[in-house]
Amino acid sequence: MPTILVTGGAGYIGSHTRYFLQQRGYRVVVLDSLERGFREAVPNEILHVLDLRNTETIAMLLKTEKVDAAIHFAGYISVGESTKDPEKYFVNNVSGSLSLFEAMLHADVRKLVFSSTAAAYGVPDHVPIREDQPFAPINPYGESKVMVEKILGWMDKYQDFRSVRLRYFNACGAEPEAGLGERHDPETHLIPLLLTAVQTGKPITLFGDDYPTPDGTCIRDYIHVSDLAAAHIYAVEYLLNAGASDVFNVGTGVGASVKEVLEAVERVTGKPVPFTMGPRREGDPPSLVADSTKLQTKLGWKPQRAELDRIISDAWQFAQSLKTS
Ligand SMILES: NC(=O)c1ccc[n+]([C@@H]2O[C@H](COP(=O)([O-])OP(=O)(O)OC[C@H]3O[C@@H](n4cnc5c(N)ncnc54)[C@H](O)[C@@H]3O)[C@@H](O)[C@H]2O)c1
């Protein structure tokens, strides 16, 4: 079986993808600085604690491990942080990616799956969003991903470097049986924040209920992290089978409002969520829902755990295991 490098494999989505790659029989090598990831999310023997910017060491690692393709998750992910410190985001997400690409070219590894984001679309003209909507990021985080997507386009054209760019919507859920789940620090994502509010009794502030949506709160497309991990496996297999560079949205195609997610959390946990309703947050589009038809028809991917209650139940199981460990 081929060997796959997973950058950011100690983080949330990377750790799940690493797990499913191994389940499917792939040899996996993980590269992570551990700045924002967790050592225990990766088996020790495959973890290389290394920053993306160590080009030469990464090139050596790719050669000695005979890596066939890379899945690149490593980067910073917080929109809010990116507006406070844009330079930090461009250095890590853009320079860091360039360093990895340079190492890959040195080692003649020319297949890459890249973590892009719905933030590349900004406030979209049409929902559900198709891949052909133009780039229109409204924050440095989204811009950093767009820059890398464009670099990959040029590398495809002139350096035979093939990539699949996956634009994900809201990753959520967990794989509690594998001891894996969402643990960002600080956490900015809705579902883990709602679950923490249930566990601690401290109210969560929700950002606005005066949007032009049926219940006034923002609508997002929540995609189970294990379905997302599966999309990466489809994408890397497509590249290993000589597929051309391409871009795909990854979402369920069904939106849920903040209030609907809150109600689902109350249903699953059997407890009320303490919350206060705050004003709108700058830069939040009313609705972001993916059209993933292309991924389904071209690569045969289909979400298996799209129901909100299932997503929350997995996340809740993981959150409880953290509390007791
Ligand atoms: N979580 C989401 O909902 C979401 C949505 C769209 C896109 N994405 C993208 O998916 C990817 C993974 O997201 P996540 O939620 O798993 O994030 P995460 O923070 O849990 O994982 C990122 C990992 O990358 C590592 N890392 C960061 N910079 C590094 C560097 N310079 N060198 C080596 N390792 C480094 C961190 O230590 C961490 O383990 C990111 O690129 C993110 O932009 C995430």
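The values are calculated or read from the model by the stated rules, or taken from the named source; none is laboratory data. A quick note: this is a predicted structure, and the numbers were derived from the prediction, not measured. Neighbour counts are summed over all protein chains in view; Cβ atoms, including those assigned to glycine, are modelled from backbone coordinates with ideal geometry.
Things to note:
- The strands (runs of 3 or more DSSP E) falling completely within the stretch 149-253 that include 1 or more residues that are within 16 Å of the ligand (Cβ to nearest atom) and touching an Asp or Glu at 6+ places or on another chain (Cβ under 9 Å) map to 162-168, 170-172, 222-224, 246-250.
- So Val109, is it of a type in the set (A, V, I, L, M) and at pLDDT 95 or above: yes
- Scanning the stretch 13-57 for residues that are of a type in the set (Lys, Arg) and either outside any strand (DSSP E or B) or surrounded by 18 or more Cβ atoms within 10 Å (Cβ to Cβ) (or both), we see that the one that is farthest from the ligand (Cβ to nearest atom) is Arg24.
- Count of the stretch 58-100 residues which are among the β-branched types (Val, Ile, Thr), more than 9 Å from the ligand (Cβ to nearest atom) and not in a helix (DSSP H, G or I): 2
- Out of Val258, Val289, sole residue that is more than 23 Å from Arg165 (Cα to Cα) and surrounded by 17 or more Cβ atoms within 10 Å (Cβ to Cβ): Val258
- Test: residue in the stretch 227-241 that is surrounded by fewer than 19 Cβ atoms within 10 Å (Cβ to Cβ) and either touching a residue at least 40 places away in the same chain (Cβ under 8 Å) or among the charged types (D, E, K, R) (or both): yes
For every residue, the table says whether it meets (1) at pLDDT 95 or above; (2) more than 29 Å from Gly278 (Cα to Cα); (3) surrounded by fewer than 21 Cβ atoms within 10 Å (Cβ to Cβ); (4) under 15 Å from the mean Cα position of the chain (by Cα).
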| residue | (1), (2), (3), (4) |
| --- | --- |
| Val113 | yes, yes, no, yes |
| Ala118 | yes, no, no, yes |
| Leu152 | yes, yes, no, no |
| Phe161 | yes, yes, yes, no |
| Leu180 | yes, yes, no, yes |
| Leu195 | yes, no, no, no |
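- Residues (loosely packed, with under 14 Cβ neighbours inside 10 Å and acidic (Asp, Glu)) located in the stretch 308-325: Asp309
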